[in-house]
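The structure under discussion appears below in the form of structure tokens.
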Amino acid sequence: MRAQNSATPSQAIAVPAPGADRGPEDAHGHDDGVGGAGRGAVWAALGVAAFSLTFPSTAWGLESFGPWSLVALRALLGAAVAGAFLAARRVPVPARAHWPALAVVAGGVVLGFPLLTTLALRTSSTSHAAVVIGLLPLTTAVFAAFRNGTRPSRTFWAAAVAGAAVVLAFTLGPGGGSLAPGDGYLFAALLVCAAAYVEGGRLARVLPGWQVMGWALVLCVPLALAGAALALPHEPVRLSWHGVTGLVWVAAGSTFFGGYVWYRGIAEIGAARASQLQLAQPLLTLVWSVALLGERPTAAAPLTAVAVLVCIAVTQRA
């Protein structure tokens, strides 16, 4: 990725024309042809892989930290990593016009989604919490349609709704289809995250993805410092290998690295199409939950995986 002078005062945020979810060329100089779409799908898929570890890592982190402390430390550690990269590359401060979009990204994926899902995971299993990810692709596509004025085909919407329904049936089925006490947090997290994905994807057309996440993390430092100062004295800290590893991954892996590759992918293939790759995320999360947390898989997992992959293929070609 070549260096960008993307924060000069004369540069405006690129806003796509109505009916187009992405432009002919992204912030990295890639065209929007087959090659660009393939690269974008790879970047977005890497983001999905990184995000799939978020819930199991958060569960590990909660073994050592309280929910408010974990979220504050996650944001501070992520900001430290991002700040080091920004300083090493001598990246200029973004133009004033970029900060409202960065604030939406910060509020959604740096603070809102982590806090709400962490609070939910106190009473919900990682398998149940994956329902949020199961609905996130459809919600992101809806946000993208309204925000960008896009009009995906009926085939796209049919496949997106079918994929969400399959994931919902899979994640809720083992629990008898009943809602858990933490579902209020989960559905609120769904909304703020979808909004942040769409706004961050728009901004990633003029700023590299790692800068979008980097500046969003830096923007949250004052709130994260205040949160840590208030939470740490009141929440017990029991350091363990699991807890520290979980904290490091959600900060550096899920938030910074995952955000970088994810927004890079959105910039190339659009928020609506990239979001449908996340239909595979609950299944990956369940795999990690089995491997890392000892949860038992269900017999429906292989059939669900095939159905979800079919839906993904349809959305990418629609």
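The values are calculated or read from the model by the stated rules, or taken from the named source; none is laboratory data. This structure is a prediction, so every number in the text was calculated from the model and none was measured. A quick note on method: Cβ atoms are made from the backbone with ideal geometry, for glycine too, and the neighbour counts reach across all protein chains shown. Accessible surface is based on the protein model in full, side chains and every heavy atom, while ligands, DNA and RNA are left aside. Shrake-Rupley method; radii C 1.70, N 1.55, O 1.52, S 1.80 Å.
Summary table below
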| item | result |
| --- | --- |
| Compactness relative to 2.2 N^0.38 Å, alpha carbon Rg of region 92-163 | 1.42 |
| FRET E, pair residue 232, residue 88, Förster distance 22 Å, beta-carbon r, rounded to 0.05 | 0.15 |
| Exposure ranking of 260, 197, 185 by accessible area [1.4 Å probe, largest first] | 185, 260, 197 |
| Simple label model, 7 Å out from Cα along Cβ direction - residue 123 to residue 42, nm | 4.5 |
| Normalised convex hull volume, region 161-308, alpha-carbon set, Å³ per residue | 146 |
| Pair residue 80, residue 309: separation of 7 Å Cα→Cβ label points (nm) | 4.0 |
| Region 66-117-region 234-263 distance, computed between alpha-carbon centres (Å) | 13 |
| Probe 1.4 Å, all protein chains present, accessible-area order of 241, 249, 68, largest first | 241, 68, 249 |
| Principal axis dimensions, region 161-236 - Cα atoms, whole angstrom, descending | 42, 42, 15 |
